[in-house]
Amino acid sequence: MISTNLNSNEFHPYYKLYIDNATDLNIIESLKQNLDSVVSFYNGITEEKHDYSYAEGKWTIKDVLLHIIDTERIFTYRALRIARLDKTPLPGYEQDDFAITAKATKRSLESILDEYKAVRHASIALFNSFDAETLEQIGEASGSPISVRAIGYILTGHENHHNQVIKERYL
């Protein structure tokens, strides 16, 4: 486990995998470091692999990257709502429905990476606006408590997890 100092009441146990895959940096530095490493990683994948999936019904490499982007958008929206003390329980989302309708194979990897960079820069700006007290705010998403700072660590750990899966099963 990284030294995030998260309490067990700040996230559902489901997210422990992602939190454990986050880097041992503060949230902003982790988001910035992953911006560079993710872009470099995907730029290093040969074009013939972009639309490859390792088994029938599994996502392609471009699907995975769009999933990372979609998840980041949803989770930063959650972070914003919780940071602003909105007590409305936030719903989950169906990742497979998103992947089907995203039409990743009709896009170039370059266009998806441009979108990733734009989303990540927005996430960095958002998390940079939060002070320590705001990062500790807890709200409800997908029927469970989650803190703003847990969301920050989940973002980088989530993409680290998926990039590891790509290395093991796609390349």
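All of the numbers you see were taken from the coordinates with simple rules; none came from a lab. Computed from a predicted model, the values in this text were never measured in an experiment. Backbone-built Cβ (ideal geometry, glycine too); neighbour counts: all protein chains shown.
Below are the figures for this structure:
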| read-out | value |
| --- | --- |
| Qualifying residue in the stretch 113-125 (condition: aromatic (Phe, Trp, Tyr), part of a helix (DSSP H, G or I), without any contact (Cβ under 8 Å) to a residue 40 or more places away in the chain and under 18 Å from Leu65 (Cα atoms)) | no |
| Residue within the stretch 73-93 that is of a type in the set (Asp, Glu), outside any loop (DSSP other than H, G, I, E, B) and on the phi < 0 side of the Ramachandran plot present | no |
| All positions within the stretch 1-11 that are surrounded by 17 or more Cβ atoms within 10 Å (Cβ to Cβ) and assigned to a helix (DSSP H, G or I) | Glu10 |
| Qualifying residue in the stretch 12-26 (condition: touching a Phe, Trp or Tyr at 6+ places or on another chain (Cβ under 7 Å), in a helix (DSSP H, G or I) and more than 18 Å from Ala132 (Cβ to Cβ)) | yes |
| Test: residue in the stretch 9-32 that is more than 19 Å from the chain's Cα centre (by Cα), under 30 Å from Glu136 (Cα atoms) and not aliphatic (A, V, I, L, M) | yes |
| Single residue of the stretch 68-118 satisfying the filter (of a type in the set (A, V, I, L, M) and loosely packed, with under 15 Cβ neighbours inside 10 Å) that is nearest to Val165 (Cα to Cα) | Ile100 |
